[in-house]
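The values are calculated or read from the model by the stated rules, or taken from the named source; none is laboratory data. Small disclaimer: the values here were computed from a predicted structure and weren't measured. With ideal geometry, Cβ positions are generated from the backbone for all residues, glycine too; neighbour counts draw on all protein chains shown. Accessible surface areas use protein heavy atoms only, side chains included; no ligands, DNA or RNA. Shrake-Rupley method; radii C 1.70, N 1.55, O 1.52, S 1.80 Å.
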Amino acid sequence: EDAAEESNVSAELIALRKRLVDEWNAWRARSKKEQLEEKGQTVERHTSEEKEEIE
Amino acid sequence: MRPILLQGHERSLTQIKFNKEGDLLFSCSKDHVINVWYSHNGERLGTYDGNNGTVWTVDVDTESRFMVSGAADNTLRLWAVATGKCLYTWEFPTAVKRVAFSADDKQIVCITEQRMGYQCAIRVFNINREGDGTDQSEEPAFMFNPIGSKVTVCAFTLTPNVIVTGHESGKVALFNLKSGEEILNNERAHMDVVTDLQLSADRTYFITSSKDKTARIHDIQTLMVIKTFTTETPLNSAAIAPGKPYILLGGGQDAMNVTTTSLRQGKFETRFWHKVLEEEVGRVKGHFGPINTIAVHPGGTCYASGGEDGFVRVHHFDDSYFRAKPYGDLEIED
(Lines give C-alpha, C1' and ligand atoms only; values in the text may rest on other atoms or scores of the structure.)
Protein backbone atom coordinates (compact mmCIF):
# COMPACT_ATOMS: atom_id res chain seq x y z
CA GLU A 1 0.00 0.00 0.00
CA ASP A 2 2.74 2.39 1.07
CA ALA A 3 4.76 1.49 -2.00
CA ALA A 4 1.82 2.15 -4.25
CA GLU A 5 1.26 5.51 -2.63
CA GLU A 6 4.91 6.33 -2.87
CA SER A 7 4.93 5.72 -6.64
CA ASN A 8 2.16 8.26 -7.02
CA VAL A 9 4.23 10.96 -5.40
CA SER A 10 5.58 13.20 -8.10
CA ALA A 11 9.26 13.33 -8.93
CA GLU A 12 9.28 17.00 -7.94
CA LEU A 13 8.02 16.24 -4.46
CA ILE A 14 10.62 13.52 -4.04
CA ALA A 15 13.31 15.96 -5.15
CA LEU A 16 12.00 18.58 -2.69
CA ARG A 17 12.06 16.10 0.18
CA LYS A 18 15.56 15.01 -0.77
CA ARG A 19 16.70 18.64 -0.76
CA LEU A 20 15.10 19.31 2.64
CA VAL A 21 16.74 16.23 4.13
CA ASP A 22 20.13 17.13 2.62
CA GLU A 23 19.88 20.67 4.03
CA TRP A 24 18.90 19.34 7.44
CA ASN A 25 21.74 16.81 7.50
CA ALA A 26 24.24 19.46 6.43
CA TRP A 27 23.04 21.79 9.23
CA ARG A 28 23.21 18.97 11.79
CA ALA A 29 26.74 18.04 10.72
CA ARG A 30 27.78 21.71 10.95
CA SER A 31 26.34 22.31 14.41
CA LYS A 32 27.73 19.04 15.77
CA LYS A 33 31.18 20.05 14.51
CA GLU A 34 30.84 23.54 16.02
CA GLN A 35 29.79 22.01 19.29
CA LEU A 36 32.91 19.84 19.36
CA GLU A 37 35.10 22.85 18.59
CA GLU A 38 33.41 24.89 21.31
CA LYS A 39 33.93 22.08 23.80
CA GLY A 40 37.62 21.97 22.85
CA GLN A 41 37.93 25.72 23.38
CA THR A 42 36.16 25.59 26.72
CA VAL A 43 38.50 22.90 27.96
CA GLU A 44 41.51 24.90 26.76
CA ARG A 45 40.17 28.06 28.38
CA HIS A 46 39.58 26.30 31.66
CA THR A 47 43.03 24.72 31.74
CA SER A 48 44.71 28.05 30.95
CA GLU A 49 42.68 29.77 33.68
CA GLU A 50 43.72 27.11 36.13
CA LYS A 51 47.36 27.54 35.11
CA GLU A 52 47.13 31.28 35.71
CA GLU A 53 45.74 30.69 39.16
CA ILE A 54 48.59 28.32 39.99
CA GLU A 55 51.15 30.85 38.81
CA MET B 1 0.01 2.04 20.67
CA ARG B 2 -1.34 1.00 24.03
CA PRO B 3 -1.95 3.99 26.26
CA ILE B 4 -1.56 3.78 30.01
CA LEU B 5 -3.72 6.20 31.93
CA LEU B 6 -2.03 7.62 35.01
CA GLN B 7 -4.71 8.61 37.48
CA GLY B 8 -3.41 10.37 40.54
CA HIS B 9 -3.86 14.05 39.95
CA GLU B 10 -7.07 15.85 40.80
CA ARG B 11 -6.46 18.91 38.68
CA SER B 12 -4.79 19.84 35.43
CA LEU B 13 -1.22 18.90 34.70
CA THR B 14 1.35 21.67 34.32
CA GLN B 15 4.57 19.84 33.39
CA ILE B 16 5.81 16.27 32.99
CA LYS B 17 9.38 15.12 32.70
CA PHE B 18 11.23 11.84 32.20
CA ASN B 19 14.47 11.13 34.05
CA LYS B 20 17.61 10.41 32.00
CA GLU B 21 17.02 6.65 31.81
CA GLY B 22 13.35 7.18 31.06
CA ASP B 23 12.19 4.63 33.64
CA LEU B 24 10.62 7.38 35.77
CA LEU B 25 8.12 10.03 34.85
CA PHE B 26 7.60 13.10 37.06
CA SER B 27 4.36 15.03 36.88
CA CYS B 28 3.22 18.22 38.58
CA SER B 29 -0.21 19.73 38.77
CA LYS B 30 -2.53 22.45 39.95
CA ASP B 31 -3.54 20.03 42.76
CA HIS B 32 -0.30 21.06 44.63
CA VAL B 33 1.21 17.58 44.27
CA ILE B 34 4.16 16.12 42.38
CA ASN B 35 3.98 12.44 41.46
CA VAL B 36 6.57 10.03 40.15
CA TRP B 37 5.55 6.99 38.09
CA TYR B 38 7.17 3.96 36.55
CA SER B 39 6.93 4.70 32.85
CA HIS B 40 6.71 1.05 31.74
CA ASN B 41 3.54 0.17 33.66
CA GLY B 42 2.18 3.44 34.99
CA GLU B 43 2.47 2.40 38.61
CA ARG B 44 2.85 5.31 41.01
CA LEU B 45 6.15 5.13 42.82
CA GLY B 46 5.60 8.08 45.09
CA THR B 47 4.34 11.55 45.85
CA TYR B 48 6.14 14.71 46.85
CA ASP B 49 3.95 16.60 49.32
CA GLY B 50 4.45 20.02 50.81
CA ASN B 51 3.57 22.65 48.24
CA ASN B 52 0.70 25.02 49.04
CA GLY B 53 -0.22 26.03 45.54
CA THR B 54 -0.11 24.99 41.92
CA VAL B 55 3.17 23.30 41.13
CA TRP B 56 4.07 24.88 37.80
CA THR B 57 7.29 23.18 36.92
CA VAL B 58 9.59 20.27 37.69
CA ASP B 59 13.00 18.97 36.61
CA VAL B 60 15.18 16.06 37.63
CA ASP B 61 18.99 15.71 37.55
CA THR B 62 20.84 13.17 35.40
CA GLU B 63 21.45 10.84 38.37
CA SER B 64 17.76 10.83 39.40
CA ARG B 65 18.99 11.90 42.81
CA PHE B 66 17.59 15.42 43.12
CA MET B 67 14.37 16.82 41.76
CA VAL B 68 13.54 20.51 41.73
CA SER B 69 10.10 22.11 41.59
CA GLY B 70 8.63 25.58 41.34
CA ALA B 71 5.19 26.55 42.58
CA ALA B 72 2.56 29.25 42.97
CA ASP B 73 3.28 29.34 46.73
CA ASN B 74 6.42 31.31 45.74
CA THR B 75 8.76 28.45 46.58
CA LEU B 76 11.51 26.65 44.76
CA ARG B 77 12.08 23.24 46.34
CA LEU B 78 14.80 20.66 46.13
CA TRP B 79 13.66 17.08 46.74
CA ALA B 80 15.32 13.72 47.28
CA VAL B 81 13.92 11.63 44.45
CA ALA B 82 14.24 8.32 46.30
CA THR B 83 12.76 9.29 49.67
CA GLY B 84 10.30 12.03 48.70
CA LYS B 85 11.85 14.31 51.32
CA CYS B 86 11.98 18.05 50.70
CA LEU B 87 15.65 18.90 51.20
CA TYR B 88 15.60 22.65 50.81
CA THR B 89 13.10 25.44 50.16
CA TRP B 90 13.85 28.84 48.69
CA GLU B 91 11.20 31.55 49.01
CA PHE B 92 10.58 34.46 46.68
CA PRO B 93 8.11 37.35 46.47
CA THR B 94 6.28 35.78 43.50
CA ALA B 95 5.48 32.41 41.92
CA VAL B 96 8.11 30.19 40.33
CA LYS B 97 7.05 29.44 36.76
CA ARG B 98 9.95 27.44 35.35
CA VAL B 99 12.95 25.51 36.64
CA ALA B 100 15.73 23.58 34.90
CA PHE B 101 18.92 21.75 35.83
CA SER B 102 22.18 22.43 34.00
CA ALA B 103 23.66 19.57 31.95
CA ASP B 104 26.23 18.90 34.71
CA ASP B 105 23.58 18.94 37.51
CA LYS B 106 25.56 21.63 39.36
CA GLN B 107 23.15 24.51 38.84
CA ILE B 108 19.45 25.19 38.65
CA VAL B 109 17.83 28.15 36.95
CA CYS B 110 14.43 29.46 37.97
CA ILE B 111 12.05 32.08 36.61
CA THR B 112 9.84 34.02 38.99
CA GLU B 113 6.74 35.80 37.85
CA GLN B 114 6.28 39.52 37.37
CA ARG B 115 3.59 40.52 39.86
CA MET B 116 2.58 42.99 42.59
CA GLY B 117 5.34 45.43 41.73
CA TYR B 118 7.98 42.74 41.46
CA GLN B 119 9.78 42.29 38.17
CA CYS B 120 10.23 38.98 36.43
CA ALA B 121 13.52 37.56 37.70
CA ILE B 122 15.98 34.88 36.67
CA ARG B 123 17.96 33.29 39.47
CA VAL B 124 20.60 30.60 39.32
CA PHE B 125 21.54 28.52 42.35
CA ASN B 126 24.60 26.37 42.74
CA ILE B 127 23.55 22.97 44.00
CA ASN B 128 25.69 21.44 46.72
CA ARG B 129 25.70 17.75 45.86
CA GLU B 130 27.84 16.75 48.87
CA GLY B 131 26.15 15.09 51.82
CA ASP B 132 22.40 14.64 52.00
CA GLY B 133 21.51 17.69 49.90
CA THR B 134 20.05 19.76 52.75
CA ASP B 135 23.05 22.10 52.93
CA GLN B 136 22.23 24.58 50.16
CA SER B 137 23.03 28.26 49.97
CA GLU B 138 20.10 30.60 50.40
CA GLU B 139 21.56 33.21 48.05
CA PRO B 140 21.55 32.77 44.30
CA ALA B 141 24.86 32.58 42.44
CA PHE B 142 23.36 34.92 39.85
CA MET B 143 20.22 37.00 39.72
CA PHE B 144 18.92 39.55 37.26
CA ASN B 145 15.75 41.08 35.86
CA PRO B 146 15.68 40.55 32.12
CA ILE B 147 14.76 43.69 30.21
CA GLY B 148 11.69 43.78 28.01
CA SER B 149 9.07 41.09 27.72
CA LYS B 150 8.82 38.71 30.68
CA VAL B 151 10.35 35.27 30.51
CA THR B 152 8.07 32.22 30.36
CA VAL B 153 10.45 29.32 29.71
CA CYS B 154 14.20 28.68 29.91
CA ALA B 155 16.98 26.10 29.73
CA PHE B 156 20.76 25.91 30.10
CA THR B 157 22.76 25.82 26.88
CA LEU B 158 26.04 23.92 26.67
CA THR B 159 27.98 27.19 26.79
CA PRO B 160 28.87 27.86 30.44
CA ASN B 161 26.74 30.59 32.05
CA VAL B 162 24.47 31.02 29.06
CA ILE B 163 20.75 30.21 29.11
CA VAL B 164 18.16 30.24 26.36
CA THR B 165 14.78 31.83 27.13
CA GLY B 166 11.32 32.10 25.62
CA HIS B 167 9.21 35.19 26.32
CA GLU B 168 5.63 36.36 26.62
CA SER B 169 6.03 38.51 23.50
CA GLY B 170 7.14 35.55 21.39
CA LYS B 171 10.80 36.43 21.61
CA VAL B 172 13.56 33.87 22.19
CA ALA B 173 16.89 35.03 23.57
CA LEU B 174 20.26 34.02 24.98
CA PHE B 175 21.30 35.53 28.31
CA ASN B 176 24.67 35.74 29.98
CA LEU B 177 24.03 34.70 33.59
CA LYS B 178 27.01 36.57 35.01
CA SER B 179 26.16 39.97 33.54
CA GLY B 180 22.43 39.52 33.02
CA GLU B 181 22.93 40.80 29.50
CA GLU B 182 20.96 39.65 26.54
CA ILE B 183 23.58 38.18 24.22
CA LEU B 184 21.33 37.57 21.24
CA ASN B 185 17.62 37.59 20.49
CA ASN B 186 15.07 36.80 17.86
CA GLU B 187 12.22 39.21 18.62
CA ARG B 188 9.94 37.64 16.04
CA ALA B 189 10.53 33.96 16.77
CA HIS B 190 6.82 33.75 17.61
CA MET B 191 3.90 36.17 17.41
CA ASP B 192 2.46 35.24 20.83
CA VAL B 193 3.47 33.71 24.21
CA VAL B 194 6.16 31.03 24.08
CA THR B 195 4.60 28.17 26.06
CA ASP B 196 7.30 25.49 26.01
CA LEU B 197 10.96 25.08 25.17
CA GLN B 198 12.66 21.70 24.94
CA LEU B 199 16.24 20.95 23.95
CA SER B 200 17.53 18.32 21.55
CA ALA B 201 19.49 15.51 23.22
CA ASP B 202 22.81 17.15 22.31
CA ARG B 203 21.56 20.66 23.21
CA THR B 204 22.53 22.07 19.79
CA TYR B 205 18.97 22.94 18.89
CA PHE B 206 15.62 23.42 20.59
CA ILE B 207 11.93 23.46 19.86
CA THR B 208 9.43 26.05 21.09
CA SER B 209 5.65 26.03 21.08
CA SER B 210 3.48 29.11 21.16
CA LYS B 211 -0.04 30.38 21.52
CA ASP B 212 0.45 31.67 17.96
CA LYS B 213 -0.41 28.09 16.86
CA THR B 214 3.08 27.31 15.63
CA ALA B 215 6.04 25.36 16.90
CA ARG B 216 9.55 26.11 15.73
CA ILE B 217 12.97 24.50 15.74
CA HIS B 218 15.81 26.97 16.35
CA ASP B 219 19.59 26.73 16.19
CA ILE B 220 20.82 27.35 19.75
CA GLN B 221 23.93 29.30 18.65
CA THR B 222 22.35 31.67 16.14
CA LEU B 223 18.68 31.50 17.28
CA MET B 224 17.80 31.15 13.62
CA VAL B 225 14.49 29.46 12.90
CA ILE B 226 15.28 26.18 11.13
CA LYS B 227 11.77 24.73 10.87
CA THR B 228 8.20 25.93 11.41
CA PHE B 229 5.18 23.75 12.14
CA THR B 230 1.89 25.56 11.64
CA THR B 231 -1.24 24.12 13.27
CA GLU B 232 -4.78 25.43 13.75
CA THR B 233 -4.78 25.47 17.53
CA PRO B 234 -2.84 27.36 20.24
CA LEU B 235 0.04 25.12 21.33
CA ASN B 236 1.06 24.45 24.93
CA SER B 237 3.90 22.02 24.43
CA ALA B 238 6.38 20.70 21.87
CA ALA B 239 8.81 17.80 22.21
CA ILE B 240 11.48 16.19 20.04
CA ALA B 241 11.36 12.41 19.50
CA PRO B 242 14.89 10.96 19.69
CA GLY B 243 15.81 8.41 17.03
CA LYS B 244 12.95 9.28 14.68
CA PRO B 245 12.49 12.46 12.61
CA TYR B 246 9.35 13.50 14.47
CA ILE B 247 8.26 16.23 16.82
CA LEU B 248 5.17 16.03 19.03
CA LEU B 249 2.81 18.94 19.55
CA GLY B 250 0.00 19.42 22.03
CA GLY B 251 -2.47 22.16 22.76
CA GLY B 252 -6.09 23.08 22.24
CA GLN B 253 -8.37 25.98 22.97
CA ASP B 254 -8.35 27.08 26.59
CA ALA B 255 -10.72 25.10 28.79
CA MET B 256 -12.95 28.13 29.34
CA ASN B 257 -13.50 28.41 25.57
CA VAL B 258 -14.30 24.77 25.02
CA THR B 259 -17.90 23.66 24.79
CA THR B 260 -18.05 20.39 26.64
CA THR B 261 -20.38 18.56 24.31
CA SER B 262 -19.94 14.86 23.77
CA LEU B 263 -18.57 15.61 20.31
CA ARG B 264 -15.47 17.07 21.88
CA GLN B 265 -14.92 14.22 24.33
CA GLY B 266 -11.51 12.64 24.07
CA LYS B 267 -10.76 14.65 20.98
CA PHE B 268 -7.71 16.53 22.15
CA GLU B 269 -4.84 15.23 20.11
CA THR B 270 -1.09 14.92 20.26
CA ARG B 271 0.09 15.76 16.75
CA PHE B 272 3.12 14.11 15.19
CA TRP B 273 4.97 16.15 12.58
CA HIS B 274 7.93 15.26 10.41
CA LYS B 275 10.56 17.63 11.73
CA VAL B 276 12.47 17.99 8.45
CA LEU B 277 9.64 17.96 5.90
CA GLU B 278 7.33 20.05 8.13
CA GLU B 279 4.39 17.79 7.33
CA GLU B 280 1.92 16.32 9.83
CA VAL B 281 2.25 12.52 9.93
CA GLY B 282 -0.34 11.50 12.52
CA ARG B 283 -2.47 12.28 15.55
CA VAL B 284 -3.18 10.48 18.79
CA LYS B 285 -6.36 11.48 20.57
CA GLY B 286 -7.53 10.71 24.06
CA HIS B 287 -7.49 13.74 26.34
CA PHE B 288 -10.73 15.39 27.45
CA GLY B 289 -9.21 18.84 27.53
CA PRO B 290 -6.26 20.73 26.08
CA ILE B 291 -2.86 19.06 26.29
CA ASN B 292 -0.67 21.14 28.57
CA THR B 293 2.59 19.24 28.47
CA ILE B 294 4.32 16.52 26.43
CA ALA B 295 7.53 14.62 27.10
CA VAL B 296 9.26 11.93 25.07
CA HIS B 297 11.24 9.08 26.65
CA PRO B 298 14.97 9.81 26.13
CA GLY B 299 15.30 6.42 24.43
CA GLY B 300 12.45 7.29 22.09
CA THR B 301 10.39 4.25 23.14
CA CYS B 302 7.35 6.04 24.53
CA TYR B 303 5.90 9.45 25.15
CA ALA B 304 3.60 10.96 27.75
CA SER B 305 1.09 13.79 27.62
CA GLY B 306 -0.46 15.68 30.52
CA GLY B 307 -3.81 17.34 30.08
CA GLU B 308 -6.07 20.01 31.43
CA ASP B 309 -8.31 17.00 32.21
CA GLY B 310 -5.98 15.91 35.05
CA PHE B 311 -4.76 12.78 33.29
CA VAL B 312 -1.34 11.70 32.18
CA ARG B 313 -1.37 9.29 29.23
CA VAL B 314 1.70 7.21 28.48
CA HIS B 315 1.89 5.74 24.99
CA HIS B 316 4.45 3.06 24.27
CA PHE B 317 5.34 3.04 20.58
CA ASP B 318 4.66 -0.25 18.83
CA ASP B 319 6.70 -1.94 16.09
CA SER B 320 4.89 -0.16 13.29
CA TYR B 321 6.08 3.19 14.67
CA PHE B 322 9.70 2.09 14.47
CA ARG B 323 9.28 0.42 11.07
CA ALA B 324 7.33 3.24 9.46
CA LYS B 325 9.21 5.34 6.92
CA PRO B 326 6.41 7.58 5.70
CA TYR B 327 8.68 9.38 3.25
CA GLY B 328 10.90 6.57 2.02
CA ASP B 329 14.45 5.65 2.87
CA LEU B 330 15.92 9.10 3.51
CA GLU B 331 18.58 8.99 6.23
CA ILE B 332 17.97 11.82 8.70
CA GLU B 333 20.42 12.97 11.35
CA ASP B 334 18.99 13.26 14.86
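Would you mind computing, in nm to one decimal, how far apart the modelled labels at B:D105 and B:T228 are, each placed 7 Å from Cα along Cα→Cβ? Once both label points are built, they end up 4.1 nm from each other. Where only DSSP H runs of four or more residues are counted, chain B gives -500 deg cm²/dmol as its mean residue ellipticity at 222 nm, each run worth -39500 (n - 2.57). The lysines whose alpha-carbon is closer than 25 Å to the alpha-carbon of B:K227, local same-chain residues fewer than 8 away aside, are A:K18, A:K32, A:K33, B:K17, B:K150, B:K171, B:K211, B:K213, B:K244, B:K275, B:K285, B:K325. Total buried accessible area between B and A, probe 1.4 Å, nearest 100: 1700 Å².
Shape class for the protein assembly as shown: oblate, because the ratio a/c of the largest to smallest gyration tensor axis (alpha-carbon atoms, square roots of eigenvalues) is 1.5 or more and b/c is at least a/b. Dividing the mean sequence gap of close Cα pairs (under 8 Å, 6+ apart) by how many residues the stretch B:5-160 holds gives a relative contact order of 14 percent.
The share of accessible area on the stretch B:4-323 that comes from carbon and sulfur is 47 percent, using a 1.4 angstrom probe.
Interface residues of the stretch A:23-39, defined as a loss of at least 40 Å² in heavy-atom accessible area between the chain alone and the complex of all protein chains with a 1.4 Å probe, are A:W24, A:N25, A:W27, A:R28, A:K32, A:Q35, A:E38. If R0 is taken as 22 Å, the Cβ-Cβ distance between B:S320 and B:L5 corresponds to a FRET efficiency of 0.50. Sites listed here are trypsin sites (Lys or Arg not before Pro) in the stretch B:90-181 whose DSSP assignment is loop and whose Cβ has at most 16 other Cβ atoms within 10 Å: B:K106, B:R129, B:K178.
Normalised by the number of residues in chain B, the mean separation of alpha-carbon contacts (under 8 Å, six or more apart) gives a relative contact order of 13 percent. Counting 0.36 nm for each residue step from B:D192 to B:N145 and taking away their Cα separation leaves a gain of 14.8 nm.
Is the shape of chain B best called rounded, prolate or oblate, per the rule: a/c under 1.5 gives rounded, else a/b larger than b/c gives prolate, else oblate, with a ≥ b ≥ c the square roots of the Cα gyration tensor eigenvalues? Rounded is the answer for chain B, as its axis ratio a/c remains below 1.5. Interface residues of the stretch B:294-334, defined as those losing at least 50 Å² of solvent-accessible heavy-atom surface relative to the isolated chain (probe radius 1.4 Å), are listed as B:L330, B:E333. A crude spin-label estimate for the pair A:V9 and B:V162, with each label 7 Å from Cα along the Cβ direction, gives 3.6 nm. Under the simplified labelling scheme, the B:E278-B:N176 pair shows an inter-label distance of 3.4 nm, with each label point 7 Å from Cα along Cα→Cβ.
Residue-wise HN-Hα couplings along the stretch B:184-195, as the Karplus relation 6.51 cos²θ - 1.76 cosθ + 1.60 with θ = phi - 60° gives them from phi, are 7, 8, 10, 4, 10, 4, 9, 9, 8, 3, 7, 9 Hz; Gly and Pro carry x. On a per residue basis, the stretch B:4-323 carries 39 Å² of accessible surface, using protein heavy atoms and a 1.4 Å probe.
Residues of the stretch B:187-211 that lose at least 20 Å² of accessible area (1.4 Å probe, protein heavy atoms only) when the other protein chains are present, relative to their chain alone, are B:D202, B:T204, B:Y205. Between amide H atoms placed 1.01 Å from N, distances below 5 Å from B:N128 occur with B:S137, all of them 5 or more places distant or on a separate chain.
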